[in-house]
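The values are calculated or read from the model by the stated rules, or taken from the named source; none is laboratory data. These figures come from a predicted structure and were not determined experimentally. Cβ coordinates were reconstructed from backbone atoms using ideal geometry, including for glycine residues, and neighbour counts include every protein chain displayed.
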Amino acid sequence: MKHGAIYVPDGTAEAAALRRTTDLCITAHQDAGELWAYGPIAACYAKLDRWFSAVTVTDGAGSPRTGDYGSYTDEQMKAVREQEQNSAALLGGYGFMAQLKYSSAEVKKTACGDVTADIRELLLAARPETVYTHNLADKHDTHVAVALRTIAALRSLPIDARPKKVYGLEGWRDLDWMCDGDKVCFDTAPRPHLSAALLGVFDSQIAGGKRYDSAAMGRRLANATFFASHATDAYTSVSYGMDLTELAFSDEDPAAFIAAQIERFKKDATDRLEALK
């Protein structure tokens with residue numbers, strides 16, 4: 001990789017740690033995996049045949065801060081965020097934790113091929129069965145940029161090296177608006193103590209002015225209750241994703257892909273209104 005470093009919590013040799021990965025989460029910021037990919041984390045935790053690993057693309061310099069962290073420089077904040085993320089990887093039993101340490105500005109530059117190249121290198125080495133990244137309707141520019149770089153990296157792989165499934169996860173916009181048939185549900189109920197502990201690792205964000213921990217828990221609970229209006233709850237806690245697999249195996253325009261999702265929602269809403277006039 002041109003940027004960053006890889007941390008292997010259990011000390012396994014780096015190449016072996018990458019190869020054992022079955023589920024790989026590629027997100028923009030430290031704590032994003034713990035916030036929005038907890039379902040896959042829980043599904044892999046303590047399993048002998050599944051390993052969750054993660055890639056954080058940016059360096060954490062732009063993190064909001066106040067209170068005890070209010071006077072921290074960007075360099076100090078980067079160091080804190082890196083350590084927090086590695087601590088979460090240790091706590092969550094990750095196969096490996098890669099932090100690429102790009103600035104958000106670099107990630108958002110469409111001409112910057114290094115980000116895509118680094119993601120591609122990790123994908124080739126790990127060959128995961130499933131990849132998770134940000135959803136294409138997210139309202140955070142860096143999240144969307146990471147999703148696009150991930151899709152570009154996936155498309156550049158040989159067909160036999162591509163994952164079986166690719167999902168875009170909720171983030172700075174939830175996916176409640178999607179038609180139910182398009183939603184992918186990830187069960188976030190198992191081991192609530194682990195979920196709370198993982199989110200609590202990121203003290204610089206919680207004490208620094210953003211209650212991501214309580215917000216994430218609330219969204220998961222709300223998703224579970226409001227998923228179906230005429231049935232009992234299938235989950236007690238759930239997060240949503242959108243299936244991006246077809247984008248990894250085609251040259252479809254990501255903008256056209258998300259426009260089609262929005263059109264299905266538009267048709268669902270307008271058809272209901274017309275039927276009930």
Check: Is it true that Ala256 is out of contact with any Cys (no Cβ under 6 Å at 6 or more places or on another chain), closer than 30 Å to Phe202 by Cα, small (Gly, Ala, Ser) and free of Cβ contacts under 8 Å to residues at least 60 places away in the same chain?
Finding: no
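Yes/no matrix, rows are residues, columns are (1) among the hydrophobic types (A, V, I, L, M, F, W, C); (2) touching a helix residue (DSSP H, G or I) at 6+ places or on another chain (Cβ under 9 Å); (3) part of a helix (DSSP H, G or I):
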{"position": "Cys25", "(1), (2), (3)": "yes, yes, no"}
{"position": "Lys47", "(1), (2), (3)": "no, no, no"}
{"position": "Ser53", "(1), (2), (3)": "no, yes, no"}
{"position": "Glu75", "(1), (2), (3)": "no, no, yes"}
{"position": "Ala79", "(1), (2), (3)": "yes, no, yes"}
{"position": "Tyr94", "(1), (2), (3)": "no, yes, no"}
Check: How many residues are modelled with pLDDT under 95, surrounded by fewer than 23 Cβ atoms within 10 Å (Cβ to Cβ) and not basic (Lys, Arg) if we restrict to segment 49-74?
Finding: 12
Item checked: segment 174-229 - residue that is among the acidic types (Asp, Glu) and in contact with a Gly (Cβ under 8 Å, 6 or more places away or on another chain) and, of those, nearest to Leu136 (Cα to Cα) -> Asp187
Margin query: Given the options Ala89, Ala46, Ala28, name the one that is within 29 Å of Glu129 (Cβ to Cβ), surrounded by fewer than 16 Cβ atoms within 10 Å (Cβ to Cβ) and small (Gly, Ala, Ser).
Written below: Ala46
Notebook entry, point to check: Counting just the residues of segment 154-206 that are closer than 19 Å to Leu247 by Cα and of a type in the set (Gly, Ala, Ser), which one comes out surrounded by the fewest Cβ atoms within 10 Å (Cβ to Cβ)?
Noted result: Gly181
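Conditions (1) touching a residue at least 24 places away in the same chain (Cβ under 8 Å); (2) farther than 19 Å from Cys185 by Cα, marked per residue:
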{"site": "Cys25", "(1), (2)": "yes, no"}
{"site": "Ala28", "(1), (2)": "yes, yes"}
{"site": "Ala32", "(1), (2)": "yes, no"}
{"site": "Trp36", "(1), (2)": "yes, no"}
{"site": "Ile41", "(1), (2)": "yes, no"}
{"site": "Tyr45", "(1), (2)": "yes, no"}
{"site": "Leu48", "(1), (2)": "no, yes"}
{"site": "Ala54", "(1), (2)": "yes, yes"}
{"site": "Asp59", "(1), (2)": "yes, yes"}
Margin query: Considering only residues that are out of contact with any Leu (no Cβ under 6 Å at 6 or more places or on another chain), of a type in the set (A, V, I, L, M, F, W, C) and either over 21 Å from Asn135 (Cα atoms) or part of a helix (DSSP H, G or I) (or both), which ones fall in segment 218-256?
Written below: Leu221, Ala222, Ala224, Phe226, Ala228, Ala231, Ala234, Leu247, Ala255, Ala256
Next item on the list: Please enumerate the residues belonging to segment 89-118 that are in contact (Cβ under 8 Å) with a residue 24 or more places away in the chain and within 15 Å of His29 (Cβ to Cβ).
Entry: Ala89, Met97, Ala98, Gln99, Leu100, Lys101, Tyr102, Ser103, Ser104, Val107, Lys108, Val115
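Rundown of residues vs (1) under 14 Å from the mean Cα position of the chain (by Cα); (2) closer than 20 Å to His134 by Cα; (3) among the acidic types (Asp, Glu), yes/no style:
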| residue | (1), (2), (3) |
| --- | --- |
| Ile41 | yes, yes, no |
| Asp74 | no, no, yes |
| Gly93 | no, no, no |
| Ser104 | no, yes, no |
